[in-house]
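Written out below as C-alpha cells is the structure these notes cover.
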Amino acid sequence: MNMAILDKNNIATTSGVLTVFNYDGKTGEYLDSCEEYLSEGVGLPANSCIEAPPKTSTGYIARRVGDVWDVVEDHRGKTLYSTETGQSVTISELGALPVNSTELVPNTPYDKWDGKEWVTDEIAQHDADIATATQQRAELLVLANAAITPLTDAVDLGMAAEEETVLLNNWRRYRVQLNRIEMDAAPNINWPEMPTQKNK
C-alpha cells in the first residue's frame, strides 16, 4: 500500500498509510504507535505525530511538548516525605522530585530531618507523652469524682449500705493514687486499677 505524503501542515496530499505516534492530550506522555490510513486532504489524528519519540530508561518517559519530544522524569505513584514537616505526599505529576523531600520514612511523628536521615526529637516526644498522660488522668479524675459524689451523700446522710461505704473508700483511694502519679514517667505509667462494685 502507498505511503501517505503530508504537507507542512500534516495534511495528506497523497492517500496512503503512515506510522503515527500517539500521546496523551493532557500530559503529553507517549502512549503507543499504530498504522493509520490517511485519505488525501485528511490530517493526522488528534494527539499524534509522525516523529518517533526518543528512547527512555526506567524512571523517565517521552513527552510531547508543542511540536517536539522531550524526556522527563516520571515518579508518579511514589510516596515521599517532606523533610520540613514529615508529612507524606504521593507524586501525581510528571517531573523531578520536589525539593525538601525524601523517600525515607520517619519513624515517629517527632522525627526531624538532619540532612541525611530522620532523628527523633526525644524532648518533643516526651512532652507529647506527658500531655497525653495528663489528659488521660484528667478524664479518669472526672469519672472518680462522678462516682464519689453520690456515695459521699449516702454516707453523710447515714443512708449508705456497707458495700457503698467500702466502695467510697476505694474510689477515694483511687483518686489519691491518680493525683500522686508522676507525669514525667510517661509513657511508662503504671495506672492504678479503677474500683468496681466488687472491690473490697
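Computed from the coordinates by the stated procedures, all read-outs in this text should not be read as laboratory data. A quick note: this is a predicted structure, and the numbers were derived from the prediction, not measured. Heads up, the Cβs are rebuilt from the backbone with ideal geometry, glycines too, and the neighbour counts pull from every protein chain shown.
Candidates ALA160, ALA186, ALA52 compared by Cα position along the dipole of the chain: farthest toward the positive end lies ALA160, with charges placed on Cβ. Backbone geometry of the stretch 53-63 corresponds, through the Karplus equation with coefficients 6.51, -1.76 and 1.60 at θ = phi - 60°, to 3J(HN,Hα) couplings of x, x, 6, 10, 9, 4, x, 9, 9, 7, 9 Hz, x marking Gly and Pro.
What the phi angles of the stretch 115-126 give under the Karplus curve with 6.51, -1.76 and 1.60, with θ = phi - 60°, is a coupling list of x, 10, 7, 7, 10, 6, 7, 5, 5, 5, 5, 5 Hz, glycine and proline written as x.
Averaging Cα coordinates gives a centre for the stretch 18-56 and one for the stretch 62-128; these two points are 34 Å apart.
To the nearest 20 debye, what is the magnitude of the charge dipole of the stretch 79-119 about its Cα centre, counting +1 on the Cβ of each Lys and Arg and -1 on the Cβ of each Asp and Glu?
For this selection, approximately 20 debye.
Within the chain, what is the number of lysine pairs with alpha carbons under 26 Å apart, leaving out pairs fewer than eight places apart on the same chain? Present the calculation step by step, with values, prior to reporting the outcome.
On the way: LYS8/LYS26; LYS8/LYS55; LYS26/LYS55; LYS26/LYS78; LYS55/LYS78; LYS78/LYS112; LYS78/LYS116.
Lysine pair count for the chain: 7.
More than 17 angstrom separation, counting every C-alpha pair in the stretch 5-72; what % is that? Intermediate values should be presented prior to the final figure.
Values: 951 of 2278 pairs.
In whole percent, the long-distance tail amounts to 42.
Ordering 168-174, 36-42 by mean Cβ neighbour count within 10 Å, with the highest value first, yields 168-174, 36-42. The alpha carbon radius of gyration of the stretch 122-185, expressed as a multiple of 2.2 N^0.38 Å, is 1.46.
By average Cβ neighbour count within 10 Å, what is the ranking of 16-22, 104-110 from highest down? Walk me through the intermediate numbers first.
Working: 16-22: 16.7, 104-110: 14.6.
Highest mean packing first, the order is 16-22, 104-110.
Dipole orientation for the stretch 80-200: of the candidates LEU104, TYR81, ILE123, ILE123 has the Cα lying most toward the positive pole (charges on Cβ; Lys, Arg +1; Asp, Glu -1). Taking Lys and Arg as +1 and Asp and Glu as -1, the other residues whose beta-carbon sits under 15 Å from that of VAL89 total -1. Skipping prolines and chain starts, which residues have an amide H placed within reach, meaning under 5 Å, of the one on LYS112, given they are 5 or more residues away or on another chain? Long-range HN contacts for LYS112: VAL119, THR120, ASP121.
If you place +1 on the Cβ of every Lys and Arg and -1 on the Cβ of every Asp and Glu, how big does the dipole about the Cα centre of the chain come out, in debye to the nearest 20?
Working: 16 positive and 31 negative charges, 93 e Å.
Its charge dipole is roughly 440 debye.
Report note on the peptides 64-70, 124-130: ranked by the mean count of other C-beta atoms within 10 Å, highest first, their order is 124-130, 64-70. Per residue, the convex hull spanned by the alpha carbons of the stretch 79-119 comes to 63 Å³. Counting only Cα atoms, the stretch 56-200 measures 95, 28, 20 Å along its principal axes, largest extent leading.
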